[in-house]
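Since every read-out is calculated from the coordinates, none of them should be taken as a lab result. Quick caveat: nothing in here was measured; it's all calculated off a predicted structure.
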Amino acid sequence: MPDTDVETPPGPDIVSLGFESDGILRLSWARGVVIDAPNAQLAVDRVNEICQGRRAPLLIDMATTASVSRAARTVFAQPCDASAIALLGSSPVDRVLANFFLGVISSPVPTKFFTSNADAVRWLTSQGNDGG
Amino acid sequence: MTGAEDDRRFEELVDGIVVLSSGDLSNRLPVSPKRDGIDAVATGINLLAEELQSMYESLEARVAERTVLLEAAKAELRRVINTDELTGLASRSLLREKAAEAVAAAEGGRQPALILLDLDSFRLINDSLGAAAGDAVLKEAALRLSAAAGPPHVIARLGGDEFAVLVEDREPDSVLQIASRLSEALKDRIAAGGIALAVTAGIGVRFGEPGLDGEELIRDATIALHEAKKRGRDNTQVFSSAMHDAAKQRVHLVADLRTALVSEQLELEYQPIVDLRSGKIAGTEALIRWRHPTLGLLAPDAFLDAADEAGLTVEIGHWVLSRAIAQTGQWNAAPGLSRNFSTHVNLAPADLHHVDLAPYVQGLLGQHEVDPQQLSIEITETAIMRGGPEVAATMRSLKELGVAIEIDDFGTGYSSISYLRALPATQAKIDKSLIDGLATDGQQEQFVAAILQLIHSAGLVAVAEGIEHREQAEKLQQLNCEFAQGYFFSRPLPVADMTALLMGADGSAG
């Protein structure tokens, strides 16, 4: 089975995606979303679409994510235009999800979990933001 | 959050873990919108369960895939083991399996029979026309045997030029009919190596009998085949228990013979050869004897076939040569022999196939100070005729050394007169079978006279063997036969007696 799951069609699970003034690309998932492979692929495609080949630091707000499927994690393991990824959460659930994500896949770019938005932005900026 | 609420959630967590641990890895624990510590534990367990489930599934998929590959490899291996690559017939191992199955299936009923075939002179085809021609013959033979045997019999190639047909549920007569069909099927000429070859086969048949297992069936058919091959080309033999006893005896004899060679059980006796013109001893024939620890003194007829099977012929031939030449050297020293005295030694075709025979003889003659002309090598007419170029070359080398060559058992083979003249021989020994009726049968006398004339006209000297009566000796003398040996003059003697005879005043005999 398992490295594909197509139950959830790519839909309005991404609430917002866009560059902020500091040059960081911010992606926010819809509340309670289950990130499966199609969702993950949609996110990667959208990021690539926006970056247009320019490498940019990516901040993913996953505070309201219900779970990340195994298949989705393999999607995130492929290279995209993100130069570094900060995962932002607040609850113990976020921490487990994020660290599982970090532990299981070997991300092609520096990836780290934060509970503070400011820390996340600082870290991303220090990673050599070349997309601004 | 109340304590009771947390308790309920913990309860749910435990229930979920129980389901997971029972083996249902598809179960997921509920995660509440609170996203607190309990939810974090549930999330972690869900993620681990998913990971585990995924690993199991991929493992199972891999095992299933490998199992299919393994089964296919096993089937292929079985096919290879069970099939003769060249002909596509069953292999020896499949035949064994099928023979065992057939015996088991027959129970108390009609037992399976086995027909073994071995192509005659196949080595000659391979040696003279090449392996490709040999393979072509084997393939064609396989096709013909399959067609002749017909279904449902198992037809196998056991390796080399040996084939087998396992016949089930047939009366002995019917089995023999199949054997005859198989033999006939091979006889139409087979095209190979640019020529059309006539192929025959030796056939051994073993009828099944209750209590006989598959291995014994094959063993006995092999014994019968061996017997058929011994009797010449295109021969069929049905196994009998006497063959088995003989085979067993041969096996023992072969083992004993190896011991005999190293433990001095072999010895030579010497039969005097008399010059009929002078009545004096002109030489002696060395005859091998085996002083067997339990069977007593054995004549060569009793063990030379076994020696041949054991591949000991050449070793024994060398032993006889070395012993006979050493003894002649001793007689040269005492009592002293005439340079015309010759010691005759019998050699088998296998000895003459060895190119190193002449140098070996030369070495022995030098070592024991024996004149080459004091040695005479006896070779049967049949061995010379069938020997081919190696035997002819060895005979020439021996003659060049000065060693005399004598055609043994003359008159029993089919020498052509022109061939006789071309041989490097100097003597011919007339077989005992021709001498037997000499004194009593007038016609036989004429026949022997003709043979003697033939020998003389080829420039050879004649030695008659098997002389038992004075009349035979006198008749041969009248017919101008030069030499003779036989019980009338003396039976074969142990070394001491022969030496004593040679020490006699004038060496006269008879």
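Could you quote the convex hull projected area for the stretch B:178-314, Cα atoms only and averaged over all directions, in nm²?
Computing the convex hull of the Cα atoms and averaging its projections yields 14.8 nm².
When all C-alpha to C-alpha distances in the stretch B:250-502 are sorted into bins of 5 Å, what percent of pairs does each bin hold, rounded to whole numbers?
1, 6, 13, 17, 19, 18, 14, 8, 3, 1
Would you kindly calculate the translational diffusion coefficient of the protein assembly as shown, applying Stokes-Einstein with the Kirkwood radius from alpha carbon pairs, for 20 °C and a viscosity of 1.002 mPa s, and quote it in µm² s⁻¹ without decimals?
Reported coefficient: 63 µm²/s.
How much mean residue ellipticity at 222 nm does chain A get from its helices, if each DSSP H run of length 4 or more adds -39500 (n - 2.57) and you divide by all residues, to the nearest 500 deg cm²/dmol?
When only DSSP H runs of four or more count, the value is -10500 deg cm²/dmol.
Viscosity 0.890 mPa s, temperature 25 °C: Stokes-Einstein D of the stretch B:92-239 from its Kirkwood Cα radius, in µm² per second?
The diffusion coefficient I find is 161 µm²/s.
With Rg and the Kirkwood Rh both taken from Cα atoms, where does Rg over Rh land for the stretch B:230-296?
Computed over Cα atoms, the ratio is 1.21.
Work out Dmax and Rg for the stretch B:56-115 from the C-alpha atoms and quote the Rg first, both in angstrom.
18.1, 56
For B:Ala72 and B:Ser21, compute 0.36 nm times the residue count separating them, minus their Cα-Cα distance, and round to one decimal in nm.
Here the answer is 14.8 nm.
Do any of B:Lys139/B:Lys187; B:Lys248/B:Lys432; B:Lys399/B:Lys475 go past 25 Å between their Cα atoms, and which?
As for pairs spanning more than 25 Å Cα to Cα, those are B:Lys248/B:Lys432; B:Lys399/B:Lys475.
Once the Cα atoms of helix B:131-149 and of chain B are each reduced to a long axis, what angle between those two axes, in degrees from 0 to 90 to the nearest 10, is obtained?
70 degrees
Obtain the radius of gyration and the Kirkwood radius of the stretch A:14-126 from its C-alpha atoms and give Rg over Rh.
Looking at the stretch A:14-126, the ratio lands at 0.91.
Going by Cα centres, the stretch B:232-248 and the stretch B:303-334 are how many Å apart?
So the separation of the two Cα centres works out to 30 Å.
Mind pulling the angle between the C-alpha long axis of helix B:241-262 and the longest principal axis of chain B? Nearest 10 degrees, somewhere in 0 to 90.
70 degrees
Please give the helix B:92-106 orientation as an angle from the longest Cα principal axis of chain B, in degrees from 0 to 90, rounded to the nearest 10.
For helix B:92-106, the angle is close to 80 degrees.
Return P(r) of the stretch B:266-352 (all Cα-Cα pairs; 5 Å bins starting at 0; whole %; ordered from short to long distances).
Result, from short to long distances: 3, 13, 21, 22, 16, 12, 8, 4, 1 percent.
Mind checking Rg over Rh on the stretch B:101-184, alpha carbons, Kirkwood formula for Rh?
Result: Rg/Rh = 1.05.
Give me the Kirkwood hydrodynamic radius of the stretch B:3-74, using the inverse of the mean 1/r over all pairs of distinct Cα atoms, in Å to one decimal.
Kirkwood hydrodynamic radius for the stretch B:3-74: 14.1 Å.
With bins 10 Å wide starting at 0, give me the P(r) of the stretch B:354-510 over every alpha carbon pair, in whole percents.
Over the stretch B:354-510, the share of Cα pairs per 10 Å bin runs 10, 34, 34, 20, 2 percent.
Output the Cα-based Rg and Dmax of chain B in Å, rounding Rg to one decimal and Dmax to a whole number.
38.5, 144
Beyond 24 Å, what share of the Cα-Cα pairs of the stretch B:1-156 remains, rounded to the nearest whole percent?
65 percent
Kindly provide the helix-only [θ] at 222 nm of chain B, computed as the sum of -39,500 (n - 2.57) over DSSP H runs of four or more divided by all residues, to the nearest 500 deg cm²/dmol?
The helix-only estimate for chain B comes to -17500 deg cm²/dmol at 222 nm.
Find the Cα radius of gyration of the stretch B:320-394, compare it with 2.2 N^0.38 Å by division, and give the number to two decimals.
Relative to the 2.2 N^0.38 Å estimate, the stretch B:320-394 comes out at 1.16.
Whole angstrom only: what separates the Cα centroid of the stretch A:52-78 from the Cα centroid of the stretch B:119-141?
If you average the Cα positions of each part, the centres end up 74 Å apart.
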